[in-house]
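A short write-up of the structure that comes next.
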Amino acid sequence: MKSLGIIIIFGIITSNLEAQNIHTLMAENENYIDSLSSIIGDIKLNVDTIDKNHYMISGEGVAGNIGLFVGVNGVYMMDNQWSALSTRIKEIVASITAKPIKLIINSHFHFDHTNGNMSFGKEGIPIIAHTNARARMKQRQVIHGHMSQVQNPYPPEGLPTLTFSDNVELYDGDETIELKYFKNAHTDGDIVEYFKNANIYYMADLFVTYGLPVIDPDGGGDIYEFIETLDFIISNSNDQSVFIPGHGPVSHKTDIVLFRDLLSSVKEFVLDSYNKGKDLDQIIAEAKESVVKEVGGIDKSRFITLVYGMVTNHENQNLKQDQHTITINKRH
């Protein structure tokens, strides 16, 4: 699936976005991450025990959840929040086990999950990520899914030292850790860490509990693939499965189903409205009074705008494919 660039979004959306213009909605915020980094070191951190070997560290505000697995010879850390929190995170790990941090797994490239790379990387701790995630960490990124934050290139010590392009299995004692790659969902470098024997999924931002999620189109995200990813997880998990979201409390399969249904309902609403010839302003206004009325999460106008861009992109691709098929049939 080809990612939606900001040029595509500007080209297909022409309305005034309920008296806002595209430039204002998508205006880049150069200082957001640095400003947040300077104050986030004092946020409250909580620890949830899932079982004797699995834990979750959660923080207030813009700090992604961390998953911890205490293996035979060391600790596997799923994401690492912020460098400003690294000392406190290490203290939490030390309060759980005397074993060292053995491996850090980056679920994707976004700063609220990987900013800690700059600290942990300096200590020589191996960091693994999907190839696309590392490539994006090396370049300037604008995350339009939320507030158009600018994420500047990471320094060499903040980059993953190991990458893969498909799926990977790690083995520790009797546990098998599957790193499953899902393309073009939240971003184009998302991985789910599945602990096979424990039946625990670390979902990162492929599942959040706060409502409308960030889907990063310029980072390769797409609501269609996002829904397909959740369909896969639902089909391959069971009622005993435990899910660690990117943001929010430890959850279960019923929560994943509700989240999938939310995204599906929004996508279908926008698609149906688009096919009926409604403009973006009308779709946003009607969505706010129906499909997303009681839903929290990111700004509703922004979310519907981005979904509208994804829907129109898919519909244009389908039209081109249909025209291509008609041309081939005429030739024969």
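Please treat every number below as a calculation from the coordinates, not as lab data. Computed from a predicted model, the values in this text were never measured in an experiment. Positions of Cβ are backbone-derived with ideal geometry, glycine not excepted, and every protein chain shown enters the neighbour counts.
Annotation: amide H-H contacts under 5 Å for ILE125 (H modelled 1.01 Å from N, sequence separation of 5 or more, or interchain): none.
Among the listed pairs LYS99/LYS122; LYS196/LYS288; LYS138/LYS288; LYS52/LYS180, those with a Cα-Cα distance over 30 Å are LYS196/LYS288; LYS138/LYS288.
Between ASP281 and LEU45, the modelled labels are 4.9 nm apart [label points 7 Å from Cα along Cα→Cβ].
Net length available on complete extension from THR254 to ASP299 is 13.7 nm, with 0.36 nm assigned per residue and the Cα-Cα distance removed. Extending 7 Å from the Cα toward the beta-carbon at both GLU169 and GLU157 defines two label points whose distance is 3.7 nm.
Fully extended, how many nm does the chain gain between THR176 and ASP34 (0.36 nm per residue separation, minus their Cα-Cα distance)? Please list the in-between numbers first.
Values: separation 142, 0.36 × 142 = 51.12 nm, distance 3.73 nm.
Contour length minus the Cα-Cα distance gives 47.4 nm.
Going by average Cβ density within 10 Å per residue, which order do the peptides 265-272, 142-149 take, highest to lowest?
Numbers: 265-272: 18.2, 142-149: 20.8.
Top of the packing list down: 142-149, 265-272.
Taking other Cβ atoms within 10 Å as a rough exposure proxy, SER290, SER107 sort from fewest to most as SER290, SER107. Relative to the longest principal axis of the Cα atoms of the chain, the long axis of helix 223-236 lies at roughly 50 degrees. With the largest listed first and rounded to whole Å, the semi-axes of the equivalent ellipsoid of the chain from the Cα gyration tensor are 35, 22, 19. Which angle from 0 to 90°, rounded to the nearest 10, does the C-alpha axis of helix 86-96 make with the longest principal axis of the chain? So the inclination is approximately 60 degrees.
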